[in-house]
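Participant: Quick one: this structure, given as structure tokens, is what I'll be asking you about.
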Amino acid sequence: MSKEKECIVLLERLLNQSRQDKLMYLNAADKQDLPTFKRFFNQQALYRNRMFNELSARLSDFGIEAEDILLKRPDIRQLMGASPKRDKTNPFAKCLAQDQLFQKHLISLIQLDDTGNVDGYRKLLTKIEESIETNQLFAIEVTAKSLSSPDFL
């Protein structure tokens, strides 16, 4: 497969993932009571929306529109539906796993792309790395608090 096609495939994956991750972060924010956690999740959702727009612009450089490649259109009612009971899983761990996958694909794209977009991708990588670091810290905090107080989550 040519470099250009590999870049397009990676951009498509990242575009779909940034869209899904935005919804995941918004859903996590809706389930939070602590303002610090709610603010973090909402901020990350905003970053994912910006990433989606930037990746969409990069795809349009290749002559592909974002609407053409949104393969999985998740049911927003399902993703954003407020559940009356609390999810007992650590939302930071789930978000962390998704961010690490995004990071992996983004690093691959940086290594492949020779079109001059690398600086833009590195800015996205910096945001993802910051998110990973914060997610790890919050995941540890949530785990520690849930061990000391089972009703915390």
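Just so you know, all these numbers are worked out from the coordinates, no wet-lab data involved. Only a predicted model underlies this, so the values are computations on that prediction, with no experimental measurement involved. Ideal geometry is used to build each Cβ from the backbone, glycine not excepted, and the neighbour counts take in all protein chains shown.
Participant: Cα convex hull of the stretch 3-148: how many Å³ per residue?
Facilitator: 99 Å³
Participant: Based on the Cβ-Cβ distance from Gln43 to Thr115, what FRET efficiency comes out when R0 is 22 Å, to the nearest 0.05?
Facilitator: 0.15
Participant: Based only on other Cβ atoms within 10 Å, what is the fewest-to-most ordering of Glu54, Glu129?
Facilitator: Exposure proxy ranking, most exposed first: Glu129, Glu54.
Participant: Please give the contour-minus-distance gain from Arg50 to Ile64: 0.36 nm per residue of separation, less the Cα-Cα distance, rounded to one decimal in nm.
Facilitator: 3.2 nm
Participant: Taking a threshold of 25 Å on the Cα-Cα distance, which of the pairs Lys3/Lys94; Lys31/Lys94; Lys22/Lys127; Lys31/Lys123 fall above it?
Facilitator: The answer is Lys3/Lys94; Lys31/Lys123.
Participant: Put a dot 7 Å past each Cα toward the Cβ at Thr36 and Lys94; how far apart are the dots in nm?
Facilitator: 2.2 nm
Participant: Determine, for Ser146, Ser18, the number of other Cβ atoms within 10 Å of each Cβ, and report the residues in order from fewest to most.
Facilitator: The most exposed by this proxy come first: Ser146, Ser18.
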